[in-house]
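Quick note: the coordinates plus some simple rules give every number you see, no bench work behind them. It should be emphasised that the depicted structure is a prediction, and the values quoted were computed from it without experimental measurement. Here Cβ is always computed from backbone atoms with ideal geometry, including for glycine, and neighbour counts include all displayed protein chains.
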């Protein structure tokens, strides 16, 4: 939550950017739900569809299950790794926001996007959010793709795909591609990718 506040994601500029495209969907999935930031946004904006929220950290799953207990008929929380994604049904949209894709290797990113496509309804959209340039809050770019994040428990390396790489994966998977640059209230430059399944 502190990092969300420092980076400006606590007020959900990413969700503001895409909400008009998802507000009337019947169902959607969020990958990497964390502490429920996006689900809170959906509820506060009176989203009526069904939400499948996928999270691999057990502590966050427990937190969200308690936090959204009164909305259990609408919000389902799954303790799952994205690489093994399985949803009860196909959905109209998948949200993979706030740099979630960076947690996967280059090879895993391709496999995950192909798997996500199989979870989408016809004309369903996958939204992927990544940093666009400099990193102001945490992490150091070692080169154009590798980001190192130093934590109390050690260093982690993340893979930042380029727009061309996301576009190539989209084309390989038969998805339409669009890239939309935006900025958080704290000045972070971001890129929102929209990969849409063809009918």
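Relative contact order for the chain: what is it in percent, counting Cα pairs under 8 Å that are at least 6 residues apart? Could you put the intermediate results ahead of the total?
Working: 356 pairs, mean separation 40.5, N = 199.
Normalised by residue count, the contact order of the chain is 20 percent.
Exposure proxy check: 39, 61 ranked by fewest other beta carbons within 10 Å? Show your work: numbers first, answer last.
Details: 39 23, 61 18.
So the ranking, lowest neighbour count to highest, is 61, 39.
Please give the length that would be gained between residue 59 and residue 79 if that part of the chain were fully extended, namely 0.36 nm times their separation in residues minus their C-alpha to C-alpha distance (nm, one decimal). Could you put the intermediate results ahead of the total?
Numbers: separation 20, 0.36 × 20 = 7.20 nm, distance 0.98 nm.
Length difference between fully extended and current span is 6.2 nm.
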Which of 112, 83, 38, 119 has the fewest other C-beta atoms within 10 Å, and how do the rest follow up to the most? 83, 119, 38, 112
Checking the a/c ratio against 1.5 first, then a/b against b/c, what shape does the Cα gyration tensor give for the chain? rounded
